[in-house]
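Asks: Supplied in C-alpha cells, the structure appears directly below.
Each value in this text was obtained by applying a stated rule to the coordinates, not by laboratory testing. These numbers come from a predicted model, not from an experiment. As a convention, Cβ positions derive from the backbone with ideal geometry for all residues, glycine included, and neighbour counts pool all protein chains shown.
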Amino acid sequence: MPDPSPCLTVVVPCFNEEATVLRLLDRVLASPWVAEVVVVDDGSTDGTRDLLGSVDDPRVRVLFQDENRGKGAAIRRGFSEATAEYVIVQDADLEYDPAEYPWLLEPLIDGRADVVYGSRFMGGRPHRVLYFWHSVGNRLLTLTSNAFTNVNLTDMETCYKAFRREVIQSIHLVEDRFGIEPEITAKVAHGGWRMYEVGISYSGRTFAEGKKINWRDGAWALRCIVRYSPIGERIARRVPF
C-alpha cells in the first residue's frame, strides 16, 4: 500500500442513531484515507438531526431527507454526492470498524479491483457472537445471490462495499430499503466489474441496541435477487414484478 492520502468518500446512511453517530464520525474522520464524509439523515425522529447539526468538520456534509425513505434511498443519494476517487458505505451504528479502510482500498488502489466487499465470514477477524438464524439467513441470501449472479461471494449483505467512484455512479439503482444490497451485487456482477473480497471484523448489535433489519427485509432481498437477475429482468419486461 502507498502512504495514506485522502482519496475516499464515506457515505453514511443514518436513521435514529443518536447513541452512536458522533462516535462513528470521530472514528471515520480519524482515518487518513478519508477525503469527505456524506451523511444522509433519513428522517430521524430522535436527537440525531440536532447532533449532526453540531458537526463542524469541513470534510463532513450532512444531507437531510424530508421523510424516512429507507436505507437504499439514503445510500443512493450519498453515492450521487460523492466526489472522491473511491467510495465506501459506512453504517452509523459502530458495527463496522473504519480502521479497516486500508484493507478494502488496497485492491482498488493497486488496480486489481473495481469493487471490494468486506466479508464478515472470511479472514479470521474478531466477531461478536450473536444470532444464529441471522447468520443462517445471511448465508442463504448470499448463496442464492451467487447462484443468480454466478459469482462466489461469502457475504453479499455486508455494509462494507467500496467502489471506484465512476463505477458506482454509472450504475442505476432504484431500491429504497435493504434490497439495495442484492441490487448492487447483481448489477455489479452483470456489469462485468472486477470484484474482490477481504475479511473484516464485525461488532454486531442486538435488537435492544437498535438493530433494525428483520425477516421481512430478508424476504424482500430474495425478491430483489430474482428481480435483478437476467432471468428476472426478462420476466419483468413482460409481467409486472
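Asks: Sort Leu140, Leu25, Leu173 so that the residue with the fewest other Cβ atoms within 10 Å of its own Cβ comes first and the one with the most comes last.
Replies: Leu140, Leu173, Leu25
Asks: Given the convex hull over the Cα atoms of the chain, what projected area results after averaging over all orientations, in nm²?
Replies: For the Cα atoms of the chain, the hull's average projected area reads 12.7 nm².
Asks: With only Lys, Arg, Asp and Glu charged, each at its Cβ (+1 for the first two, -1 for the last two), find how big the charge dipole of the chain is about the Cα centre; round to the nearest 20 debye.
Replies: Around 1060 debye, computed over the chain.
Asks: How do the peptides 75-85, 55-65, 178-188, 151-161 rank, highest first, by the average count of neighbouring beta carbon atoms within 10 Å per residue?
Replies: Result, highest mean first: 178-188, 151-161, 75-85, 55-65.
Asks: Further question: Could you state the number of Å between the C-alpha centres of the stretch 64-98 and the stretch 1-36?
Replies: For the stretch 1-36 versus the stretch 64-98, the Cα centre distance is 11 Å.
Asks: Farthest toward the dipole's positive end in the stretch 8-238, which of His190, Thr154, Ile168, given Cβ charges of +1 (Lys, Arg) and -1 (Asp, Glu) about the Cα centre?
Replies: The one lying farthest along the dipole's positive direction is His190.
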